[in-house]
């Protein structure tokens with residue numbers, strides 16, 4: 001089989017939820033390979049038997065409510081947490097057995113803004129660059145500050161920056177060492193739409209530069225716009241995995257949203273005519289819209305991504 | 001071992017806080033207050049081993065001040081950085097060894113400990129308190145800072161909250177400061193307490209700062225400080241290496 005076909009080869013397996021999981025076969029282009037990964041915190045199962053491959057150059061989105069296991073997975077892959085069972089490899093290197101080699105390949109933008117707020121933007125980048133032994137450091141810092149439109153604020157303390165500027169700096173710091181894999185944990189949380197769009201442009205640029213990106217998000221729109229593939233995590237289980245388009249198509253083309261007895265009801269239907277028929281039949285009026293990933297999650301789990309049980 | 005960026009970060013943050021009231025009070029004013037309260041209050045009435053009390057007290061305050069500052073800054077910084085600001089996680093996610101992380105923290109702790117001693121050292125020289133500032137004195141002072149900075153890493157890595165760090169300070173560091181011969185000779189204590197106190201590292205620092213002479217007793221005390229330092233550093237490296245959230 002030619003190399004390209006090997007890369008495209010897909011193994012379709014059924015999860016315990018009985019839904020199709022689209023699991024790429026381990027190929028020469030697999031950048032992140034996770035095998036039967038579990039993480040327990042005493043009685044709490046944060047991740048349960050997770051198997052997943054992410055290809056080089058892909059933007060992969062992890063969706064799920066709080067406590068689904070998204071951040072735990074990132075912590076394991078970046079050396080902050082040890083798995084209870086299973087293995088994870090980045091570019092063929094085991095994250096537990098070869099942590100220093102793995103850390104040379106990765107950049108992390110965590111959910112919490114963990115910049116040193118008493119230091120300046122320049123100092124934050126300088127220290128991170130020295131930690132990662134970045135060559136030609138001064139030029140790299142200048143170039144990153146220009147990319148993030150922060151040159152004029154380089155010597156201001158980070159605590160004086162807006163939330164959006166801090167997030168931007170956090171992301172620039174993450175790519176300081178020219179990583180092959182970038183982990184973005186809720187990169188746009190709490191930001192206004194304009195700043196969010198600026199960061200999306202930056203993430204798209206990372207992909208153009210050939211960086212593999214694993215991002216977690218609560219924002220459906222973010223996952224749909226940015227991600228080549230999306231995995232949906234719920235209570236430590238991967239319950240769906242595919243491109244956003246295919247996940248939505250599989251769930252149904254349209255969502256019929258109605259209000260009954262003070263509660264929202266969602267019905268996913270395949271074609272537009274059927275959706276219109278239901279809309280006309282409901283005397284209280286309904287909203288008909290295209291299916292989004294929130295609807296997919298709702299269909300799979302009966303809960304919204306915010307964690308509220310829905311009808 | 002790429003420890004310098006960790007050291008640099010800690011020192012940069014330290015310089016930002018250097019002129020804050022909290023730091024000035026804890027690092028400089030507290031030992032000076034002890035010196036004024038005990039030195040001037042008791043100094044005129046009390047003689048120890050035929051010398052003035054002020055001459056006895058000053059090396060003890062130098063040891064205490066360096067211990068408290070080296071320990072507190074490292075333990076608090078690590079606890080806050082790990083549990084609240086998540087800045088410690090940047091080190092763990094970087095391609096640096098556990099030994100480099102520990103050494104960067106400890107080296108910064110040494111600098112803080114030495115700086116807090118500096119004002120007392122200068123004062124001692126100005127008032128002519130008979131401080132013998134030779135190589136053994138400086139070596140003992142640096143070792144004292146090192147071992148308590150390493151202890152700060154251990155406590156900072158084990159603390160589950162900021163309270164844990166403060167509790168360790170209240171129940172171990174501060175009692176040690178008072179009972180290890182800082183303010184009065186340990187020979188004035190009951191023999192059982194003398195045995196316990198002679199196992200504490202600060203007792204040996206106090207002895208070395210008062211008697212910086214290369215004799216057998218000094219070498220034994222130096223050996224104790226070195227042993228404590230080695231154990232503290234190893235424990236710190238193991239805790240950082242096994243760090244997992």
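As an exercise: evaluate residue A:82 against (1) facing another protein chain (nearest Cβ under 7 Å); (2) surrounded by 22 or more Cβ atoms within 10 Å (Cβ to Cβ) and give the number of the one condition it does not meet.
The one condition residue A:82 does not meet is (2).
Do we have residue A:204 as surrounded by fewer than 16 Cβ atoms within 10 Å (Cβ to Cβ) and within 25 Å of residue A:189 (Cβ to Cβ) here?
Numbers: surrounded by fewer than 16 Cβ atoms within 10 Å (Cβ to Cβ): yes; within 25 Å of residue A:189 (Cβ to Cβ): yes.
Judged against the criteria, residue A:204 is a match.
So is residue B:150 in contact (Cβ under 8 Å) with a residue 24 or more places away in the chain and closer than 22 Å to residue B:17 by Cβ or not? Quick ask: steps written out before the conclusion?
Working: in contact (Cβ under 8 Å) with a residue 24 or more places away in the chain: yes; closer than 22 Å to residue B:17 by Cβ: yes.
Judged against the criteria, residue B:150 is a match.
Taking the options B:118, B:131, B:193, B:123, name whichever one is under 13 Å from residue B:64 (Cα atoms) and either at pLDDT below 90 or surrounded by fewer than 22 Cβ atoms within 10 Å (Cβ to Cβ) (or both).
Details: B:131 fails: under 13 Å from residue B:64 (Cα atoms); B:193 fails: under 13 Å from residue B:64 (Cα atoms); B:123 fails: under 13 Å from residue B:64 (Cα atoms).
Of B:118, B:131, B:193, B:123, the one residue that is under 13 Å from residue B:64 (Cα atoms) and either at pLDDT below 90 or surrounded by fewer than 22 Cβ atoms within 10 Å (Cβ to Cβ) (or both) is B:118.
Can you tell me which residue in the range A:132-148 is nearest to the other protein chains (Cβ to nearest Cβ), limited to those that are in contact with a helix residue (DSSP H, G or I) (Cβ under 8 Å, 6 or more places away or on another chain) and without any contact (Cβ under 8 Å) to a residue 12 or more places away in the chain?
Per the criteria, the residue is A:137.
Output the number of residues of the range A:116-131 satisfying the condition of being closer than 14 Å to residue A:157 by Cα, touching a residue at least 40 places away in the same chain (Cβ under 8 Å) and either facing chain B (nearest Cβ under 7 Å) or buried (at least 24 other Cβ atoms within 10 Å of the Cβ) (or both).
Applying the first criterion (closer than 14 Å to residue A:157 by Cα) to the range A:116-131 yields A:116-126.
Narrowing further to those that are touching a residue at least 40 places away in the same chain (Cβ under 8 Å): A:116-118, A:121, A:124-125.
In the following step, the residues that additionally are either facing chain B (nearest Cβ under 7 Å) or buried (at least 24 other Cβ atoms within 10 Å of the Cβ) (or both) were identified as A:116, A:118, A:121, A:124-125.
Looking only at that region, the number is 5.
So, in the range B:18-41, how many residues would count as being surrounded by 15 or more Cβ atoms within 10 Å (Cβ to Cβ) and either free of Cβ contacts under 8 Å to residues at least 12 places away in the same chain or under 17 Å from the mean Cα position of the chain (by Cα) (or both)? Full working, then the answer.
First, pick out the residues of the range B:18-41 that are surrounded by 15 or more Cβ atoms within 10 Å (Cβ to Cβ): B:23, B:26-28, B:30-32, B:34-35, B:38-39.
Subset that is either free of Cβ contacts under 8 Å to residues at least 12 places away in the same chain or under 17 Å from the mean Cα position of the chain (by Cα) (or both): B:23, B:26-28, B:30-32, B:34.
The number of residues fulfilling the criteria is 8.
Of the residues that sit in the range B:1-44 and are outside any helix (DSSP H, G or I) and modelled with pLDDT of 80 or more, which one is nearest to the other protein chains (Cβ to nearest Cβ)? Quick ask: steps written out before the conclusion?
Our first condition is that a residue be outside any helix (DSSP H, G or I); within the range B:1-44, this holds for B:1-3, B:18-20, B:44.
Remaining after also requiring modelled with pLDDT of 80 or more: B:2-3, B:18.
Working: B:2: 7, B:3: 10, B:18: 12 Å.
Looking at residues that are outside any helix (DSSP H, G or I) and modelled with pLDDT of 80 or more, I get B:2.
Is one or more of the residues making up the range B:122-132 touching a residue at least 40 places away in the same chain (Cβ under 8 Å), within 14 Å of chain A (Cβ to nearest Cβ) and assigned to a loop (DSSP other than H, G, I, E, B)?
To start, the set of residues in the range B:122-132 that are touching a residue at least 40 places away in the same chain (Cβ under 8 Å) comprises B:123-124, B:127, B:129-132.
This time we only want the ones that are within 14 Å of chain A (Cβ to nearest Cβ), so: none.
No; the residues of the range B:122-132 include none that is touching a residue at least 40 places away in the same chain (Cβ under 8 Å), within 14 Å of chain A (Cβ to nearest Cβ) and assigned to a loop (DSSP other than H, G, I, E, B).
Can you tell me which residue in the range A:290-311 is nearest to residue A:230 (Cα to Cα), limited to those that are at pLDDT 75 or above and not in a helix (DSSP H, G or I)?
By that ranking, first place goes to A:292.
Taking the condition at pLDDT 95 or above, under 27 Å from residue B:163 (Cβ atoms), more than 14 Å from chain A (Cβ to nearest Cβ) and buried (at least 19 other Cβ atoms within 10 Å of the Cβ), does residue B:79 pass?
Working: at pLDDT 95 or above: yes; under 27 Å from residue B:163 (Cβ atoms): yes; more than 14 Å from chain A (Cβ to nearest Cβ): yes; buried (at least 19 other Cβ atoms within 10 Å of the Cβ): yes.
Yes; evaluated as a whole, the condition is true for this residue.
Across the range A:103-115, which residue is nearest to the other protein chains (Cβ to nearest Cβ) among those that are over 21 Å from residue A:189 (Cα atoms) and touching a residue at least 60 places away in the same chain (Cβ under 8 Å)? Before the answer, list the steps.
Looking only at the range A:103-115, we keep the residues that are over 21 Å from residue A:189 (Cα atoms), and these are A:103-106.
Retained after the next criterion (residues that are touching a residue at least 60 places away in the same chain (Cβ under 8 Å)): A:104-106.
Values: A:104: 5, A:105: 9, A:106: 7 Å.
Filtering the range A:103-115 for residues that are over 21 Å from residue A:189 (Cα atoms) and touching a residue at least 60 places away in the same chain (Cβ under 8 Å), the one nearest to the other protein chains (Cβ to nearest Cβ) comes out as A:104.
Can you find a residue in the range A:231-238 that is modelled with pLDDT under 75 and in contact with a helix residue (DSSP H, G or I) (Cβ under 9 Å, 6 or more places away or on another chain)?
Pass one, the range A:231-238, residues modelled with pLDDT under 75: none.
Taking every residue of the range A:231-238 in turn, none turns out to be modelled with pLDDT under 75 and in contact with a helix residue (DSSP H, G or I) (Cβ under 9 Å, 6 or more places away or on another chain).
Please verify whether residue B:98 is within 14 Å of another protein chain (Cβ to nearest Cβ), surrounded by fewer than 20 Cβ atoms within 10 Å (Cβ to Cβ), in contact with a helix residue (DSSP H, G or I) (Cβ under 9 Å, 6 or more places away or on another chain) and at pLDDT 95 or above, treating the condition exactly as stated.
On the way: within 14 Å of another protein chain (Cβ to nearest Cβ): yes; surrounded by fewer than 20 Cβ atoms within 10 Å (Cβ to Cβ): yes; in contact with a helix residue (DSSP H, G or I) (Cβ under 9 Å, 6 or more places away or on another chain): yes; at pLDDT 95 or above: yes.
When the stated conditions are applied, residue B:98 passes them.
Name the single residue that is farthest from the other protein chains (Cβ to nearest Cβ) among those in the range A:91-102 being under 17 Å from residue A:75 (Cβ atoms) and in contact with a strand residue (DSSP E or B) (Cβ under 8 Å, 6 or more places away or on another chain).
Here the answer is A:94.
Hey, residue A:75 hits all of (1) out of contact with any helix residue (DSSP H, G or I) (no Cβ under 8 Å at 6 or more places or on another chain); (2) within 14 Å of chain B (Cβ to nearest Cβ); (3) farther than 27 Å from residue B:80 by Cβ but one; which does it fall short on?
For residue A:75, the exception is condition (3).
Kindly indicate whether residue A:202 is within 27 Å of residue A:76 (Cβ to Cβ), without any contact (Cβ under 8 Å) to a residue 12 or more places away in the chain and either assigned to a helix (DSSP H, G or I) or away from chain B (no Cβ under 13 Å) (or both). Let's see the steps before the verdict.
Details: within 27 Å of residue A:76 (Cβ to Cβ): yes; without any contact (Cβ under 8 Å) to a residue 12 or more places away in the chain: no; either assigned to a helix (DSSP H, G or I) or away from chain B (no Cβ under 13 Å) (or both): yes.
Here the answer is no, as residue A:202 does not meet what is asked.
The values are calculated or read from the model by the stated rules, or taken from the named source; none is laboratory data. In this text the structure is predicted, and so the values were computed from the model without any measurement. Positions of Cβ are backbone-derived with ideal geometry, glycine not excepted, and every protein chain shown enters the neighbour counts.
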